[in-house]
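This report refers to the structure that appears directly beneath it.
The values are calculated or read from the model by the stated rules, or taken from the named source; none is laboratory data. None of the values given here were measured: they were computed from a predicted structure. Positions of Cβ are generated from backbone atoms using ideal geometry, with glycine treated the same way; all protein chains shown enter the neighbour counts. Protein only, heavy atoms only, side chains kept; ligands, DNA and RNA dropped before computing areas. Shrake-Rupley method; radii C 1.70, N 1.55, O 1.52, S 1.80 Å.
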Amino acid sequence: MATIKELAKCCGVSVATVSNILNKKPGASEKTRKLVLEMAEKLNYTPNIVAKNLKMQKTRSIGVIAEDMTIFSIPDIIDGITDYCQEQDYQILLTNLRLFKKYNDTYYNREHYYDLVGVEIKKLMEKQVEGIIYVAAHERIIRCIPDTLPIPAIMAYGYSKSERVPSIVVDDVHGAASVLDYMVDRGHKKIGVITGKPDSLHAQARLVGYQQVLFKNGILYDPGLVMEGDWTRLSGYRSTSQLLEKGVTAIFCMNDLMAGGVYDRLDELGLKAGIDISIAGFDDRELSGYYRPSLTTVSLPLHDIGHKASELIIDLLNGTKNELGPENVCYVGCSLLVRKSVNDITK
């Protein structure tokens with residue numbers, strides 16, 4: 001492959017002249033311009049983009065740090081990041097911390113891995129990335145990005161609690177409210193809930209959405225209808241009998257796995273999901289469409305979170321500042337997916 005010096009020599013002109021022509025700058029005659037372009041094609045000349053970008057102090061690359069690529073939420077977020085970066089002619093450099101593989105979910109409320117994040121940030125900066133996006137596996141407060149970082153950074157699917165690092169998160173409150181509105185509209189007033197772990201920000205926000213819908217519709221909130229789950233199918237199974245004893249007509253599960261446990265217990269009891277008891281989930285995991293009947297659920301905006309994170313960081317690189325909500329947080333809306341598991345009891 002020819003270099004720019006070899007191209008200039010073959011054309012009998014200076015390197016500066018070749019550079020100006022290739023970069024569409026004025027100054028060269030039409031004859032010289034035609035000669036250089038034809039010779040460049042003949043020699044299969046390809047510009048050294050890396051060298052050019054380094055000279056301009058721009059690599060058009062974004063560092064992406066993922067907590068663990070095996071967690072269901074992360075690949076779609078990274079796909080959203082990649083989608084927008086490709087539109088804008090940016091590349092991503094991806095680092096997978098594999099935290100869930102190493103520690104399961106015990107690391108969620110600890111800070112021992114922050115040093116590892118710092119090492120990876122340093123490695124990415126050595127590769128001249130222009131910005132960094134940190135992708136969390138589960139929404140929580142994560143203070144692993146230093147405010148002193150000399151390049152822009154974004155927290156995706158987590159809360160940085162920093163004025164310098166915007167956070168992009170799911171609007172869990174309105175997501176839960178959408179499915180509860182749907183249940184109430186179909187005549188359900190005694191709706192049980194199976195939550196996630198009590199320290200989960202997702203679970204706390206989804207419970208707020210549940211309470212808001214009850215209040216809006218004049219339905220008294222009964223804490224006895226709220227069962228504490230732990231996101232597993234087994235916890236959904238274990239909570240079902242208690243809710244049935246309290247006379248619920250519908251059960252809202254804060255994720256689709258726990259909804260599967262409800263299906264399991266109803267099947268054992270000879271009850272039909274979507275007929276005898278209505279069920280709704282959250283997350284739109286792939287398995288939810290294979291339940292029988294298929295599960296009404298809420299789709300997480302994972303791709304949109306990644307896309308928005310890329311938009312914000314490239315805006316920051318271009319000097320555009322976006323006005324976000326309180327505490328520098330951007331909430332991304334969910335979508336209700338209506339399937340077959342919620343019966344209309346108004347008929």
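Between residue 154 and 132, 133, 134, the built amide H atoms are under 5 Å apart, and every one of these is 5 or more places off in sequence or on another chain. Rounded to the nearest Hz, the phi-derived 3J(HN,Hα) couplings of segment 192-207 under the Karplus curve 6.51 cos²θ - 1.76 cosθ + 1.60 (θ = phi - 60°) are x, 10, 10, 8, x, 4, x, 8, 7, 5, 4, 5, 5, 5, 5, 5, where x marks glycine and proline. When only alpha carbons are used to place a centre, segment 229-277 and segment 13-35 end up 73 Å from one another.
Antiparallel beta bridges, as assigned by DSSP with both residues in the chain, represent about 10 percent of the total such bridges. Pairs of Cα atoms nearer than 8 Å and 6+ residues apart set the relative contact order; for the chain it is 17 percent. Computed from phi, the 3J(HN,Hα) profile of segment 25-32 under the Karplus parametrisation 6.51, -1.76, 1.60 (θ = phi - 60°) reads 8, x, x, 8, 6, 5, 5, 5 Hz, with x in place of Gly and Pro. Cross-link reach is defined here as a Cα-Cα straight distance under 25 Å, omitting same-chain residues fewer than 8 places apart; for residue 101 the lysines meeting it are 122, 123, 197. In percent, how large is the relative contact order of segment 263-347, given Cα pairs closer than 8 Å and 6 or more residues apart? Answer for segment 263-347 is 40 percent.
Hey, got a sec? Which chymotrypsin sites (Phe, Trp or Tyr not before Pro) in segment 211-254 land in a DSSP loop and have at most 15 other Cβ atoms within 10 Å? Sparse-neighbourhood loop chymotrypsin sites (Phe, Trp or Tyr not before Pro): 221. Mean sequence separation of contacting Cα pairs (under 8 Å, at least six apart), scaled by the length of segment 230-299, corresponds to a relative contact order of 31 percent. Per residue of the chain, the DSSP helices (runs of n ≥ 4 H) give a summed -39500 (n - 2.57) that works out to -12500 deg cm²/dmol at 222 nm. Under the shape rule built on the C-alpha gyration tensor, where the axes satisfy a ≥ b ≥ c, segment 1-48 is prolate, since a/c reaches at least 1.5 and a/b is greater than b/c.
Across every direction, the projection of the convex hull enclosing the Cα atoms of the chain has a mean area of 22.9 nm². For segment 146-189, what class follows from the C-alpha gyration tensor (a ≥ b ≥ c being the square roots of its eigenvalues): rounded when a/c is under 1.5, otherwise prolate if a/b is larger than b/c, else oblate? Prolate shape, in that a/c is at least 1.5 and a/b is the bigger ratio. Of the trypsin sites (Lys or Arg not before Pro) found in segment 87-171, those that fall in a DSSP loop while having at most 11 other beta-carbon atoms within 10 Å are 110, 127.
Rounded to the nearest 0.05, the FRET efficiency derived from the C-beta distance between residue 234 and residue 58 at R0 = 45 Å is 0.30. Taking 179, 298, 13 in turn, the Gaussian network model of the chain (Cα-Cα springs below 10 Å) assigns the largest fluctuation to 13.
Under 5 Å between amide hydrogens, built in the peptide plane, is the criterion, and for residue 298 it picks out 281, 282, 283, 284, 337 among residues at least 5 positions away or on other chains. Taking all protein chains as they are arranged and a probe of 1.4 Å, the heavy atoms of residue 144 leave approximately 10 Å² accessible to solvent. Couplings 3J(HN,Hα) for segment 304-315, derived from phi with the Karplus relation 6.51 cos²θ - 1.76 cosθ + 1.60 (θ = phi - 60°), are 5, 5, x, 4, 5, 4, 5, 4, 5, 6, 6, 4 Hz, where x marks Gly and Pro.
Applying 1/(1 + (r/R0)^6) with r as the Cβ-Cβ distance of residue 287 and residue 24 and R0 = 56 angstrom yields a FRET efficiency of 0.60. Build a GNM of the chain with springs between Cα atoms under 10 Å apart, and of 148, 297, 32 the one that fluctuates most is 32.
Loop-located trypsin sites (Lys or Arg not before Pro) in segment 233-263 (DSSP state not H, G, I, E or B) with no more than 15 neighbouring Cβ atoms inside 10 Å: 246. For the chain, a Gaussian network of Cα nodes joined below 10 Å ranks 28, 203, 156 by mean-square fluctuation, and the top entry is 28. Across segment 23-145, the volume of the C-alpha convex hull divided among the residues equals 141 Å³ per residue. Would you mind checking which residues have amide H under 5 Å from residue 332's amide H? H placed 1.01 Å from N; only 5 or more apart, or other chain. So residue 332 has HN proximity to 169, 170, 171. Can you tell me how segment 258-331 classifies by the Cα gyration tensor, rounded, prolate or oblate, using a/c under 1.5 as the rounded cut? It is prolate, given that a/c is not under 1.5 and a/b is the larger ratio.
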